[in-house]
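For reference, the structure discussed in these notes is given below.
The values are calculated or read from the model by the stated rules, or taken from the named source; none is laboratory data. Predicted, not measured: the structure shown is a model, and the values here were computed from it. Neighbour counts run over all protein chains shown; Cβ positions are idealised from the backbone, glycine included. Protein only, heavy atoms only, side chains kept; ligands, DNA and RNA dropped before computing areas. Shrake-Rupley method; radii C 1.70, N 1.55, O 1.52, S 1.80 Å.
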Amino acid sequence: MSRVRADEEEYWHSSKFRAFTFDDEDDELSQLKESKRTVNSLRDIVDDDDDDLERVSWSGEPVGSISWSIKETASGSTTSLDGRDSSLQKGSSSYAALPKQASSYSLSSLFKGRNKLSSFQSLSDALIDTGVKNYAPELRRPKAEYKDYSSDWSPKDTVRRMQRGKVCSLERFRSLQDKLVLLDEAVAGHDGNVITAVLIFLKRTLRREILFRELEMRQVALCHLIHFLREMGEQKFLLDLLRTDRFFPLSLQLSQYREHLNIQDVEKRREFLKGCIGLPFSAEDTSHIQDHYTLLERQIIIEANDRHLEMAGQSELFRKYPRKASILNMPLVTTLFYSCFYHYTEAEGTFSSPTNLKKTFKIPDKQYVLTALAARAKLRAWGDVDALLTTKNWLGYTKKKAPIGFHRVVEILQRNNAPVQVLQEYVRLVEDVDTRLNLATKYKCHDVVIETYRDLKDRIQLTAYKSKVERGSAEEEKIHSILSNMVRNAYS
């Protein structure tokens with residue numbers, strides 16, 4: 001019986017595995033090799049809060065996936081490397097010993113970033129390895145997450161992922177066919193953000209002529225690209241697009257042309273208008289845009305020159321009548337008025353000359369006379385008014401002519417406080433008798449009223465009008481003389 005007991009004692013003492021005892025200071029529990037299955041199944045015990053056993057890797061070191069938790073919780077530990085027991089190291093062996101007073105972590109608490117005690121020794125401090133550290137693999141991600149980084153997504157799958165807000169690289173679509181399929185899938189998905197993202201990719205990776213050609217057959221994508229270019233202010237690219245594609249409706253070109261209203265910088269607006277000239281407008285609209293561009297160029301030149309003259313004080317006209325506003329971006333009629341006001345006497349060869357503007361922009365005579373008359377009347381330059389309305393025939397005879405009608409001339413002169421003598425001269429030239437009498441009566445041109453009634457031989461109206469003039473005035477004497485002559489001629 002004792003022999004059997006002795007054999008059992010020898011068996012237990014001869015085994016390479018020894019029983020764990022708290023009294024054994026040389027215990028090398030780390031040499032108990034756990035199976036790889038145990039290490040890889042750590043995720044099965046993550047939620048086990050009651051598991052207080054220390055888990056070690058195949059080589060006896062702490063599990064790598066909890067290294068971040070160890071570093072976080074061990075930041076308060078004051079244990080130094082010098083305090084480690086050098087007797088635990090065994091050359092280059094990958095085995096390490098765990099001291100019996102090892103940390104009181106459970107793996108579940110380490111995975112969750114918790115510790116049981118406020119004061120502890122970190123697991124990393126308890127382990128010493130002179131060689132390269134071998135950590136156990138991290139807990140694996142779900143397979144669906146690993147596919148996020150796959151480069152084998154089809155265009156349809158890529159669009160679906162983009163719709164869900166996933167980050168996808170479009171660089172793998174290199175052929176034109178793949179890119180077009182990707183664009184078609186984006187349009188079919190009816191997601192504006194995805195369509196715009198794909199268009200940005202195509203805009204960056206395709207030549208313009210190829211992109212424009214393909215977008216002609218994809219009007220939805222084309223509209224998205226136009227909207228994107230407008231939002232980003234890429235006017236040059238947008239103009240190239242509109243200039244190339246002849247299938248756009250006219251309203252789209254006109255809408256693009258109206259964008260100049262949103263451009264404040266005058267030089268940028270000029271360049272924008274220059275780009276609009278090549279858009280596929282009708283001949284009439286193209287001529288209008290060309291005139292707009294030319295006018296702005298003229299305005300820039302006139303503005304720069306007049307600002308210099310005004311600041312230098314070299315022009316008496318600018319000193320007497322300071323400019324109230326800049327000429328830039330003003331309409332053609334306003335520019336003509338400005339030119340007639342400040343540059344009326346300049347030669348036709350200068351850009352600011354009114355006659356140059358009239359010739360360049362083919363301003364009708366009516367519009368020119370109306371504008372010039374208003375400008376010169378405002379300056380009370382009655383001599384210029386007279387010259388403006390005087391014409392010569394081929395025999396050299398002069399006569400007054402007003403394309404706008406003399407009744408309009410009278411109204412403009414009266415608004416600018418023209419003297420009665422000037423008004424009467426042009427009231428007489430009104431052909432319609434009733435209109436002439438109304439204007440003469442309204443503006444108190446007595447001589448014109450008296451002469452008109454005399455020509456009509458209307459004694460009754462002359463007698464009635466006699467009460468409207470001052471007693472003893474020249475007009476009253478003139479009425480007496482006309483009435484006397486009428487009576488004398490009646491009895492002769």
**Prompt:** Just checking, which of T345, T334, T371 is under 40 Å from the mean Cα position of the chain (by Cα), open to solvent by 50 Å² or more (accessible area, probe 1.4 Å) and closer than 27 Å to Y426 by Cα?
**Reply:** T334
**Asked** Quick one: what pairs do we get from segment 304-328, first residue over 24 Å from R269 (Cβ atoms), second open to solvent by 100 Å² or more (accessible area, probe 1.4 Å), C-beta under 7 Å, 6+ apart or different chains?
**Response** G313/R319
**Request:** Only residues that are in a helix (DSSP H, G or I) and open to solvent by 70 Å² or more (accessible area, probe 1.4 Å): list them for segment 164-181, please.
**Result:** Q177
**Fill in**
Counting only residues that are free of Cβ contacts under 8 Å to residues at least 12 places away in the same chain and of a type in the set (A, V, I, L, M), segment 275-302 contains a total of 1
**Message:** Between T452, T463, which is within 16 Å of F406 (Cβ to Cβ) and among the polar types (S, T, N, Q)?
**Reply:** T452
**Message:** Being over 30 Å from R319 (Cα atoms) and either at pLDDT 90 or above or assigned by the TED database to the domain that holds F337 (or both) narrows it down to one residue among A377, A381, A440, A474; which is it?
**Reply:** A440
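On the basis of being exposed (fewer than 14 other Cβ atoms within 10 Å of the Cβ) and in the same structural domain as Y257 (by the TED database), does S353 make the cut?
Numbers: exposed (fewer than 14 other Cβ atoms within 10 Å of the Cβ): no; in the same structural domain as Y257 (by the TED database): yes.
Considered against the rule, which asks whether it is exposed (fewer than 14 other Cβ atoms within 10 Å of the Cβ) and in the same structural domain as Y257 (by the TED database), S353 comes out as no.
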**Request:** For residues that are surrounded by fewer than 17 Cβ atoms within 10 Å (Cβ to Cβ) and either touching a strand residue (DSSP E or B) at 6+ places or on another chain (Cβ under 6 Å) or in contact (Cβ under 8 Å) with a residue 12 or more places away in the chain (or both), scanning just segment 433-446, find the one that is nearest to K478 (Cα to Cα).
**Result:** K444
**Complete:** Filtering segment 187-246 down to residues that are under 22 Å from the mean Cα position of the chain (by Cα), small (G, A, S) and part of a loop (DSSP other than H, G, I, E, B) yields G233
**Request:** Give the residues of segment 182-195 that are crowded, with 16+ Cβ neighbours inside 10 Å and among the aliphatic types (A, V, I, L, M), sorted by residue number.
**Result:** L182, L183, A186, V187, V194, I195
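Return yes or no: is E411 under 16 Å from V369 (Cβ atoms) and charged (D, E, K, R)? Walk me through how you get there before you give the answer.
On the way: under 16 Å from V369 (Cβ atoms): yes; charged (D, E, K, R): yes.
It is true that E411 is under 16 Å from V369 (Cβ atoms) and charged (D, E, K, R).
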**Prompt:** In the set I277, I289, I263, which member is in contact with a Lys or Arg (Cβ under 9 Å, 6 or more places away or on another chain), surrounded by 13 or more Cβ atoms within 10 Å (Cβ to Cβ) and either of a type in the set (F, W, Y) or more than 15 Å from L357 (Cβ to Cβ) (or both)?
**Reply:** I263
**Qualifying residues in segment 201-218 (those that are among the basic types (K, R) and free of Cβ contacts under 8 Å to residues at least 12 places away in the same chain) - the one farthest from F173 (Cα to Cα)** = R213
**Fill in**
Given the conditions (1) assigned to a helix (DSSP H, G or I); (2) open to solvent by 70 Å² or more (accessible area, probe 1.4 Å), every one holds for F318 apart from (2)
